[in-house]
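Notes to accompany the following structure.
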Amino acid sequence: MTTKLTPQSEDFSKWYNEIVYRADLAAQSPVRGCIIFKPYGYEIWENIRAFLDRRFKETGHQNAYFPLFIPESYLKREAEHVEGFSPELAVVTVAGGQVLEEPLVVRPTSETVIGEAFSQWIQSYRDLPLLINQWANVVRWELRTRPFLRTAEFLWQEGHTAHATHDDAEAETLQMLDIYAELAIDGAALPVIKGQKSNIERFAGALRTYTIEAMMRDTKALQSGTSHNLGQNFAKAFDIKYLSRNNELEYCWTTSWGLSTRMIGAIIMAHGDDMGLRLPPRLAPIQVVAIPVYRDEGEHSQVMPVIDRLTRELRAAGVRVHVDNREETPGFKFNDWEMRGVPVRLEVGPKDVANGKAVLARRDMGKEGKQFVAQEGVVAAVRDLLDAVHANLLAQATAFRDANIHTVTSYDQMKQVIETGGWARGYWAGSDEDERRVKEETGATLRCLPLESAQERGTCFYTGQQGGRIALFGKAY
RNA sequence: CGGGGUGUAGCACAGCUGGCAGCGCGCCAAGUUUGGGACUUGGAGGUCAUCGGUUCAAAUCCGGUCACCCCGACCA
């Protein structure tokens, strides 16, 4: 018998590490801080990718691909940018058996190469907006890594756009943030909060950074996607200029936005329970696992035609189905697929064959989630169940999040909230220095200034100043 | 980068007062099982991280090196 997972309540971090390997999402690699994405984990990424790629194209973006290597000098052109990334760069100094004249940096992000290309491509206001995305791997030599959440090499998409005006760039930045929120909420069943980052948490070289923040089941925050309005900083550093309608040479306004395989970590930690993963149906590699139940050859030959027919019908309806034909007991398979988080299980046994029925069980509920359905009704019932599972995961995560966000009006209250676990929500008008001090003293960072309460003003819980904006503080991954 | 820990079969580990390389899970075969983690019997599988030292003899003792993991500070 295989042993159970470490319960979340006992050691969340241990639970997470175990589930990543037990659910067959990833394997350890020979390289420090890097993981092997196993097929089951990679397919979640493929589904995230399909969702986003479709939305990017619908909003007028095109995919391109830029080189993995970036001349070291490029990084140095935007001062804040180098400073932000230099400690975590991997650099190639020898290639082809020779010491390179100029070292090549393995990209930590591609603003610089893409900025350089944009400066060539853009001449006129007629070339704008330029809307490019790339699906790529990037490397950041982090000191401390965790599977999916922070790996030395990770997969992501990075969008890079150039616009004629600040307002166009700002609209693009917010549009892409909305698409990330769509993926999170409609795809991953993650109730994220859209917000703006503080000066301290802003992307190196950006004018403004927006984020979607999600709460994990240990109440820690996870930044799950970011969108930056880069202002004219990169345009100036890379000489991205266009000739306006008035025949004047102007700098472009650029944006960049990215979402990474970290999202997989968010899904694991926001929905998983002590039985294993609970995957959101729309991103799950397998939406329905079909398990035949039989005792001997005779029963097997009765049950399989029904399984085959139902899975064929489900596939025709666009449902991702897997039939588990392994020679294991049903009980073993139930537990195994619960570990892997498959949203719906279909069982067909001899009794069901006799009654014209099938069993459907949903992963998001306990043993109560089991029901008998007429075989003719399986496709419709599965469709409903997949939607119901999505809705329930979202509702549970939302309820959990809201129960763990506490309004604070004083620093003492805020410290109390952070200490007991959860996010503190209160008016904030502090300086960068104040924010650093709060971080030092409490371990919590300013996660974001939520967009939905951007207009509200009140007395800062820390400085007592008027005119504070609503801010969320919490410990983060 | 600081602190802690671990390297022994695919995985998780025991063996560490030197003396034939082990257990559990997994894997292979046969049989009995199968509606919530089956059982029996028989098998396969090892550069004990690495380099050096002590010894008749080293997984075990001594020294060096490397790697990985965990906890913090830095970060998507």
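Each value in this text was obtained by applying a stated rule to the coordinates, not by laboratory testing. The structure displayed is predicted, hence computed values, not measured ones. Here the Cβ positions follow ideal geometry from the backbone for every residue, glycine too, while neighbour counts run over all protein chains shown.
Below 8 Å, C-alpha to C-alpha, sequence gap of six or more: please give me the relative contact order for chain A in percent. Numbers along the way, then the final one.
Details: 968 pairs, mean separation 64.9, N = 477.
So the answer I get is 14 percent.
Within the set A:LYS14/A:LYS220; A:LYS57/A:LYS194; A:LYS415/A:LYS439; A:LYS220/A:LYS367; A:LYS38/A:LYS475, which residue pairs have Cα atoms separated by over 19 Å? Could you put the intermediate results ahead of the total?
Working: A:LYS14/A:LYS220 15 Å; A:LYS57/A:LYS194 22 Å; A:LYS415/A:LYS439 11 Å; A:LYS220/A:LYS367 29 Å; A:LYS38/A:LYS475 30 Å.
Cα-Cα > 19 Å for A:LYS57/A:LYS194; A:LYS220/A:LYS367; A:LYS38/A:LYS475; rest within.
In whole angstrom, note down how far apart the Cα centers of the range A:243-299 and the range A:200-227 are.
Cα centroid to Cα centroid, the span is 17 Å.
With each pseudo-label sitting 7 Å past Cα toward Cβ, what's the A:ASN17-A:GLU248 distance in nm, one decimal?
Result: 6.0 nm between the two label points.
Please give every one of the lysines within straight-line cross-link reach of A:LYS236, meaning a C-alpha to C-alpha distance under 22 Å, and leave out same-chain neighbours fewer than 8 residues apart.
A:LYS76
Largest first, please: the extent of the C-alpha atoms of the range A:405-474 along each principal axis, to the nearest Å.
29, 24, 17
Shape verdict for the range A:1-143, please, from the Cα gyration tensor: rounded (a/c under 1.5), prolate (a/b greater than b/c) or oblate.
Details: a/c = 2.56, a/b = 1.51, b/c = 1.70.
The shape class here is oblate.
For a protection proxy built on the mean count of beta-carbon atoms within 10 angstrom, sort A:378-390, A:55-67 highest first, please. Before the final figure, lay out each step's value.
Numbers: A:378-390: 18.9, A:55-67: 14.2.
Per-residue mean Cβ counts within 10 Å order the peptides as A:378-390, A:55-67.
Can you work out the Karplus-derived ³J(HN,Hα) for every residue in the range A:120-135? Use 6.51 cos²θ - 1.76 cosθ + 1.60 with θ = phi - 60°, whole Hz, and x for glycine or proline.
Values, residue by residue: 7, 7, 9, 10, 10, 4, 5, 7, 10, x, 9, 10, 10, 10, 9, 9 Hz.
So for the range A:286-330, what are the equivalent ellipsoid semi-axes in whole Å, largest first, each being the square root of 5 times an eigenvalue of the Cα gyration tensor? Let's see the in-between values first.
Numbers: eigenvalues 85, 30, 6 Å².
Calculated on Cα positions only, the semi-axes equal 21, 12, 5 Å.
Taking the beta-carbon count within 10 Å as an exposure proxy, list A:ASP11, A:ASP127, A:ASP273 from fewest neighbours to most. Provide the component values of the computation, followed by the final result.
Working: A:ASP11 12, A:ASP127 15, A:ASP273 19.
Result, fewest neighbours first: A:ASP11, A:ASP127, A:ASP273.
Where does chain A land at 222 nm, in deg cm²/dmol rounded to the nearest 500, when only DSSP H runs of n ≥ 4 count, each adding -39500 (n - 2.57), divided by all residues?
-11000 deg cm²/dmol, from helical runs alone.
Could you rank the peptides A:239-249, A:421-431, A:356-366 by their average count of other C-beta atoms within 10 Å per residue, with the highest value first? Walk me through the numbers before you get to the answer.
Details: A:239-249: 13.3, A:421-431: 20.8, A:356-366: 18.9.
In decreasing order of mean packing, A:239-249, A:421-431, A:356-366 become A:421-431, A:356-366, A:239-249.
Mind listing the long-range amide H neighbours of A:LEU259? Cut-off is under 5 Å, sequence gap 5 or more, other chains count too, H placed in the peptide plane at 1.01 Å from N.
A:GLN157
Taking every eigenvalue of the Cα gyration tensor of the range A:142-181, multiplying by 5 and rooting it, what semi-axes result, largest first, whole Å? Present the calculation step by step, with values, prior to reporting the outcome.
Working: eigenvalues 179, 26, 14 Å².
Equivalent ellipsoid semi-axes, largest first: 30, 11, 8 Å.
On full extension of the chain, what length is gained from A:ASP308 through A:PHE69, given 0.36 nm per residue of separation minus the C-alpha to C-alpha distance? All intermediate terms of the calculation are to be shown ahead of the outcome.
Details: separation 239, 0.36 × 239 = 86.04 nm, distance 4.92 nm.
That works out to 81.1 nm of additional length.
Taking only C-alpha pairs under 8 Å that are 6+ residues apart, what is the relative contact order of the range A:288-388 in percent? Show your work: numbers first, answer last.
On the way: 142 pairs, mean separation 30.0, N = 101.
After rounding, I find 30 percent.
Computed over the Cα atoms of the range A:174-330, what is the ratio Rg over Rh, Rh following Kirkwood? Walk me through the numbers on the way to the answer.
Numbers: Rg = 24.3 Å, Rh = 19.7 Å.
Here Rg/Rh amounts to 1.23.
Label point 7 Å out from A:ARG326 along Cα-to-Cβ: which residues of the range A:251-289 have amide N under 18 Å?
A:275-279, A:285-289
What order do you get for A:ARG49, A:ARG295, A:ARG309 when you list them from fewest to most C-beta neighbours inside 10 Å?
Values: A:ARG49 17, A:ARG295 9, A:ARG309 13.
Final ranking by Cβ density, sparse to dense: A:ARG295, A:ARG309, A:ARG49.
At 7 Å along the Cα-to-beta-carbon direction for both A:GLN28 and A:VAL99, put a label point, then send me their distance in nm to one decimal.
Distance between the two pseudo-spin positions: 3.7 nm.
Beyond 30 Å, what share of the Cα-Cα pairs of the range A:12-271 remains, rounded to the nearest whole percent? Kindly include the intermediate steps, with their values, before the conclusion.
Values: 9743 of 33670 pairs.
Result: 29 percent of Cα pairs exceed 30 Å.
Assuming a ≥ b ≥ c are the square roots of the Cα gyration tensor eigenvalues, decide whether chain A counts as rounded (a/c under 1.5), prolate (otherwise, with a/b larger than b/c) or oblate.
On the way: a/c = 1.98, a/b = 1.57, b/c = 1.26.
Prolate, since a/c reaches 1.5 and a/b exceeds b/c.
Under a plain spin-label model, where a point goes 7 Å from the Cα along Cα-to-Cβ, how far apart in nm are A:LYS367 and A:TRP141?
Taking the simple label geometry, A:LYS367 and A:TRP141 are separated by 5.4 nm.
Can you work out the Karplus-derived ³J(HN,Hα) for every residue in the range A:227-236? Use 6.51 cos²θ - 1.76 cosθ + 1.60 with θ = phi - 60°, whole Hz, and x for glycine or proline.
9, 10, 8, 8, x, 10, 4, 6, 4, 6
Once a ≥ b ≥ c are taken as the square roots of the eigenvalues of the Cα gyration tensor of the range A:318-361, is the result rounded (a/c under 1.5), prolate (a/b larger than b/c) or oblate (a/b not larger than b/c)?
Oblate, since a/c reaches 1.5 and b/c is not below a/b.
Which log10 I(q)/I(0) values, to two decimals, does the range A:288-388 give at q = 0.11, 0.15, 0.16 Å⁻¹ under the Debye formula with one point per Cα?
-0.28, -0.54, -0.62
Could you rank the peptides A:205-213, A:435-443 by their average count of other C-beta atoms within 10 Å per residue, with the highest value first? Before the final figure, lay out each step's value.
Numbers: A:205-213: 23.9, A:435-443: 15.1.
The peptides rank, most packed first, as A:205-213, A:435-443.
Spelling out what I want: for every residue of the range A:90-103, take phi, set θ = phi - 60°, compute 6.51 cos²θ - 1.76 cosθ + 1.60 (Karplus), and round to whole Hz; glycine and proline get x.
Working through the residues one at a time gives 9, 10, 9, 10, 10, 8, x, x, 10, 6, 6, 5, 10, x Hz.
So if each residue of separation counts as 0.36 nm, and I subtract the Cα-Cα distance between A:GLU440 and A:ALA380, what length gain in nm does that give? Kindly include the intermediate steps, with their values, before the conclusion.
Details: separation 60, 0.36 × 60 = 21.60 nm, distance 5.40 nm.
That pair, A:GLU440 and A:ALA380, stretches by 16.2 nm at full extension.
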